[in-house]
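Derivation of every value follows stated rules applied to the coordinates shown; laboratory data play no part. Note that the coordinates shown come from a computational prediction; the quantities given were computed from them, not determined experimentally. Quick reminder, even Gly has a Cβ in these numbers, built from the backbone with ideal geometry, and neighbours come from all protein chains shown.
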Amino acid sequence: MIKILIVEDEKAISNLINVNLTAHGYRCFCAYDGKEAADLLEENTYDLVLLDIMLPEIDGYELLEYVKYQGTPVIFVTAKGTLEDKIKGLRMGADDYLVKPFQIGELIARVEAVLRRAGKAETEITLFGVTVNTESRTVKKDGELIDLTVKEFDLLVELIRNKNVALYRDRLYELVWNEPFSGETRTLDAHIQRLRKKLGWEEHIKTVFRIGYRLEV
């Protein structure tokens, strides 16, 4: 399981991040000041660190140098939102930079992107008795192989990567078919219907009125 260290002194924000990342299948650990974070980093290894800059004891810039020495990817999550702040953070070695306040969906997407770039993204995901392996491109339900077309598999992966997020039809189409959306929804809708039937996910893949679809977890 992917392990993420959240270094954030505001407990409400830390808890919000923790709850949402945990719901997406990550194992989270929290530190509320720089010294506590340094101690945890000394004793443990993590796949990703979410790091505030303005921290008690030891600030995020100083911690970043130590984390990067370990080779662990870092996303700055901070209220320091000027262009100069972003440039400084990225030049110091942060893998991404997210400014508060932020949408939780954007945070999840950035976490997934950084983990993929670092080669740490999980290749096997299990939901509702269905196991998806993105490396072998296989899908099994209760241990039995499910035959999906290329586009059905790609569609399933996008729904899983964006679980609990309402995806617009045009965006979902462009992600899976790699071409501009023409406004014709029958192709996408037919693939969604087949995916629901093959997986038995009629109750999990929700239609969002006038928007598109959402995998509800």
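Select from Ala109, Ala37, Ala12 the residue whose mean-square fluctuation is largest in a Gaussian network model of the chain (Cα-Cα springs shorter than 10 Å). The residue with the greatest mean-square fluctuation here is Ala12. With respect to the chain, whose longest principal axis is taken over its alpha-carbon atoms, helix 11-23 is tilted by about 30°.
Cross-link list Lys3/Lys35; Lys11/Lys120; Lys163/Lys198; Lys68/Lys88; Lys120/Lys163: which exceed 23 angstrom alpha carbon to alpha carbon? Exceeds cut-off: Lys11/Lys120.
For the options Tyr97, Tyr168, Tyr69, a Gaussian network treatment of the chain with springs between C-alpha atoms closer than 10 Å singles out Tyr69 as fluctuating the most.
Ordering Val130, Val19 from the fewest to the most neighbouring beta carbons within 10 Å gives Val19, Val130. In a solvent-free Debye calculation with one equal scatterer on each Cα, what is log10 I(q)/I(0) for segment 3-117 at q = 0.21 Å⁻¹, listed in the order of the q values? These q points yield log10 I(q)/I(0) values of -1.21. Among Glu202, Glu8, sorting on how many other beta-carbon atoms sit within 10 Å of each Cβ, with the fewest leading, yields Glu202, Glu8. In this entry, the chain is assigned a mean projected area of 13.3 nm², taken as a quarter of its C-alpha convex hull surface. Rounded to the nearest 20, the Cβ-based charge dipole of the chain about its Cα centre (Lys and Arg +1, Asp and Glu -1) stands at 940 debye.
Kirkwood hydrodynamic radius computed over segment 4-60 comes to 11.2 Å, based on all pairs of distinct alpha carbons.
GNM on the chain, alpha-carbon springs under 10 angstrom: the most fluctuating residue among Asp142, Asp95, Asp85 is Asp142. In plain terms, the residue of Ile160, Ile17, Ile87 with the fewest other Cβ atoms within 10 Å comes first and the most crowded comes last, giving Ile87, Ile160, Ile17. The long axis of helix 150-161 is offset from the longest Cα principal axis of the chain by roughly 40 degrees. In percent, rounded to a whole number, the relative contact order of the chain is 12, using alpha-carbon pairs under 8 Å and six or more apart. For segment 3-117, the residue among Thr72, Gly60, Leu115 whose Cα projects farthest onto the positive side of the dipole built from Cβ charges is Leu115.
For Lys197, the aspartates and glutamates whose Cα comes closer than 18 Å to its Cα, not counting residues fewer than 8 places off in the same chain, are Asp142, Glu144, Asp147, Glu152, Asp154, Glu158, Asp189, Glu216. Computed from Cα atoms alone, the Kirkwood hydrodynamic radius reported for segment 124-215 is 13.3 Å.
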